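Below: the structure, in structure tokens.
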Amino acid sequence: MLKETLINATEAGAEVLKTYFNSKTLKISNKEGINNLVTEADHAAEKAIMETIRQQFPDHFILSEESGEMATESEYKWIIDPIDGTVNYAHGIPLCCVSIGLEHKGKMILGAVYNPLLKEFFLAEKGQGATFNGEPIQVSQKATVMDSCLVTGFPYTYLDMPNGPLDVFNRLIRKGIPVRRLGSAAIDLCWVAAGRFDGFFEHKLQAWDSAAGFLIVEEAGGRVTDFNGDYYSPYQPQILATNGKIHEELNGYINGK
Ligand code: IPD
Ligand code: CA
Ligand code: CA
């Protein structure tokens with residue numbers, strides 16, 4: 001029932017994304033910082049997702065980007081990003097998705113990321129592998145960073161700290177390594193899981209950006225840590241997610257090599 005509800009909630013949110021996508025009258029407003037947008041579709045998708053979850057599990061804990069924490073005593077916690085890639089969404093760029101992770105006793109057990117515009121549905125269950133539109137997926141086999149195609153993202157603020165997002169980007173690009181920037185951390189992670197990218201890193205994510213995607217990478221055989229190479233928690237900002245083979249080498253570059 002948990003997995004079914006996760007899929008239903010993800011699809012309910014995705015229906016909203018399809019409805020408002022490219023709407024000429026889409027209402028857009030600014031959050032903290034410049035170009036940190038929220039649209040009426042974010043709010044409507046969040047409502048549809050939360051209603052679907054609450055119908056089945058009214059007492060579960062929910063953490064959702066636009067509404068914040070709805071804390072309960074439950075061992076289950078749903079972590080929701082109703083639209084990851086809102087800036088893309090607001091510009092009619094079809095690189096955006098619904099992302100939902102489910103924790104049980106503090107461990108991620110299920111994750112779903114769905115981009116209904118490209119019709120790409122990624123799902124993972126702890127210990128059961130990851131799928132892309134129902135087919136099992138595996139990370140890539142690339143063994144060196146030089147042979148890799150990487151992806152990263154930039155926060156809306158704090159770009160210029162030493163070894164910060166711009167420093168690391170500059171360093172990798174100057175080595176001739178391809179580094180892309182899609183604008184949706186959840187999609188970045190799923191594309192690592194599917195082997196399209198070999199590694200993803202970002203300096204300042206929120207729990208809802210990565211909750212589902214990090215489990216999808218791990219279940220596709222990849223490795224996810226912070227920039228110290230330690231156990232990954234979505235409640236701290238840094239993420240390094242790779243096919244495993246390039247992990248140490250890429251972590252060296254992120255830390256200044
Ligand atoms: C953003 C995206 C982006 C990442 C930002 C996030 P949002 O989420 O995941 O790729 O670089 O840090 O805030 O605002 O589109 O939900
Ligand atoms: Ca996000
Ligand atoms: Ca969002």
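The values are calculated or read from the model by the stated rules, or taken from the named source; none is laboratory data. Since this is a predicted model, take the numbers as computed values, not measurements. Quick reminder, even Gly has a Cβ in these numbers, built from the backbone with ideal geometry, and neighbours come from all protein chains shown. In case anyone asks, the SASA skips ligands and DNA or RNA and just uses the protein heavy atoms, side chains included. Shrake-Rupley method; radii C 1.70, N 1.55, O 1.52, S 1.80 Å.
Points worth noting:
- The lone exception for Ser233 - which of (1) open to solvent by less than 10 Å² (accessible area, probe 1.4 Å); (2) part of a loop (DSSP other than H, G, I, E, B); (3) among the hydroxyl-bearing types (Ser, Thr, Tyr) it fails: (1)
- Test for Ser67: is it within 15 Å of ligand 1 (Cβ to nearest atom), free of Cβ contacts under 8 Å to residues at least 40 places away in the same chain and among the hydroxyl-bearing types (Ser, Thr, Tyr): yes
- Of all residues in the stretch 143-172 being open to solvent by less than 30 Å² (accessible area, probe 1.4 Å), out of contact with any strand residue (DSSP E or B) (no Cβ under 6 Å at 6 or more places or on another chain) and not in a loop (DSSP other than H, G, I, E, B), the one that is farthest from Glu120 (Cα to Cα): Val168
- Per-region count, the stretch 173-207, residues buried (at least 17 other Cβ atoms within 10 Å of the Cβ) and in contact with a Leu (Cβ under 7 Å, 6 or more places away or on another chain): 14
Residues are listed down the side, and each one gets a yes or a no for (1) away from ligand 3 (no atom under 16 Å from the Cβ); (2) modelled with pLDDT under 95:
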| site | (1), (2) |
| --- | --- |
| Pro162 | yes, yes |
| Asp188 | no, no |
| Val192 | yes, no |
| Gly195 | yes, no |
| Phe200 | yes, no |
| Gln206 | no, no |
| Val217 | yes, no |
| Tyr232 | yes, no |
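- Of all residues in the stretch 81-96, those being open to solvent by less than 40 Å² (accessible area, probe 1.4 Å), out of contact with any Phe, Trp or Tyr (no Cβ under 6 Å at 6 or more places or on another chain) and within 16 Å of ligand 2 (Cβ to nearest atom) number 8.
- The sole residue among Glu69, Glu40, Glu46 that is surrounded by 16 or more Cβ atoms within 10 Å (Cβ to Cβ) and within 16 Å of ligand 3 (Cβ to nearest atom) is Glu46.
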